[in-house]
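Here's the structure, in structure tokens; my notes come after.
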Amino acid sequence: MSKTTSPTPTAVIFDLGKVLLDFDYGIVARRLAAHSGRDAEQIRGLLDQSPLLHRFESGRMTNDEFFREVSALTGYTGVFEEFADIFGDIFAPIAPMIDLHAQLRARGVPTFIFSNTNDLAIRHIRANFPFFANFTGYIYSHEARAMKPDARIYEVIEQRTQRTGAALLYVDDRKENVDAGAARGWRVVHHETPEQTIAAVRAAGLL
Ligand SMILES: [Mg+2]
């Protein structure tokens, strides 16, 4: 290995949303709108990237508190189980990235999910996407009670993986999140397309 080549990372950290699964809060907004008096765009604004979702995903609200607050804000009249089904059903697989993950596992590379998320989404994903069972570990914002790019949740990754710095290869579609990883010396891939990310993983020596 030449002096200019970085050592091969020994674990890969995957963001979930827009990396392995696409998502669209427009779907849940339209379905909740059908059960309430509100306009779908208004409901989407209450959910997508909202302070309410931030509280839920940073572990400061229970599922029931979130359900009650969304119901109160939107006029939604359904029961919790129906709400949970609607709220979770916003994901679509990104096949080439799921295949990339399978290739890494087949080569024995430890892989971790690192996601700003919530319990309703994770329950739905676990029940509907078999690939999701095949990671070495899972670090979720609602359990860590901190959200990317807060340094505290990156420290959780380092504890759980028993790795730091360039031993970690981290893939995320949000620039502020990868920047926070790069600031700790992690090797990072700012995910824009599967083709570019697969090439970057190969360049890191993992494929
Ligand atoms: Mg993402």
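The values are calculated or read from the model by the stated rules, or taken from the named source; none is laboratory data. What you see is a predicted model; the values in this text were computed from it and never measured. Neighbour counts run over all protein chains shown; Cβ positions are idealised from the backbone, glycine included.
Here are a few things to note about the model shown:
- Residue list for region 24-72, filter: free of Cβ contacts under 8 Å to residues at least 60 places away in the same chain, within 22 Å of Glu143 (Cβ to Cβ) and not in a loop (DSSP other than H, G, I, E, B): Leu47, Pro51, Leu52, Arg55, Asn63, Asp64, Glu65, Phe66, Phe67, Arg68, Glu69, Val70
- From the options Asp85, Asp99, Asp89, Asp64, residue that is of a type in the set (D, E, K, R) and closer than 13 Å to Asp119 by Cβ: Asp64
Table: residues versus (1) within 16 Å of the ligand (Cβ to nearest atom); (2) hydrophobic (A, V, I, L, M, F, W, C); (3) not assigned by TED's automatic domain parsing to the domain that holds Asp119.
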{"position": "Ala34", "(1), (2), (3)": "no, yes, yes"}
{"position": "Asp48", "(1), (2), (3)": "yes, no, yes"}
{"position": "Leu52", "(1), (2), (3)": "no, yes, yes"}
{"position": "Asn63", "(1), (2), (3)": "no, no, yes"}
{"position": "Glu69", "(1), (2), (3)": "no, no, yes"}
{"position": "Leu73", "(1), (2), (3)": "no, yes, yes"}
{"position": "Thr77", "(1), (2), (3)": "no, no, yes"}
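- Selection status of Ile27, crowded, with 20+ Cβ neighbours inside 10 Å and under 20 Å from the mean Cα position of the chain (by Cα): no
- Subset tally (residues that are away from the ligand (no atom under 16 Å from the Cβ), part of a loop (DSSP other than H, G, I, E, B) and in contact (Cβ under 8 Å) with a residue 60 or more places away in the chain) for region 5-23: 5
- Of Ala203, Ala167, all but one fail to be surrounded by 15 or more Cβ atoms within 10 Å (Cβ to Cβ), farther than 29 Å from Thr62 by Cα, modelled with pLDDT of 95 or more and small (Gly, Ala, Ser); the exception is Ala167.
- In this structure, Glu81 does satisfy being loosely packed, with under 15 Cβ neighbours inside 10 Å and either modelled with pLDDT of 95 or more or within 16 Å of the ligand (Cβ to nearest atom) (or both).
- Residue within region 159-174 that is within 14 Å of the ligand (Cβ to nearest atom), in contact with a helix residue (DSSP H, G or I) (Cβ under 7 Å, 6 or more places away or on another chain) and of a type in the set (D, E, K, R) present: yes
- Residues considered: Leu100, Leu120. Of these, the only one that is buried (at least 19 other Cβ atoms within 10 Å of the Cβ) and either away from the ligand (no atom under 16 Å from the Cβ) or assigned by TED's automatic domain parsing to the domain that holds Gly59 (or both) is Leu120.
- Within region 104-125, the set of residues being within 13 Å of the chain's Cα centre (by Cα) and under 25 Å from Val201 (Cα atoms) comprises Phe112, Ile113, Phe114, Ser115, Asn116, Thr117, Ile125.
- Condition met for Ile43 (away from the ligand (no atom under 16 Å from the Cβ), more than 29 Å from His190 (Cα to Cα) and surrounded by 15 or more Cβ atoms within 10 Å (Cβ to Cβ)): yes
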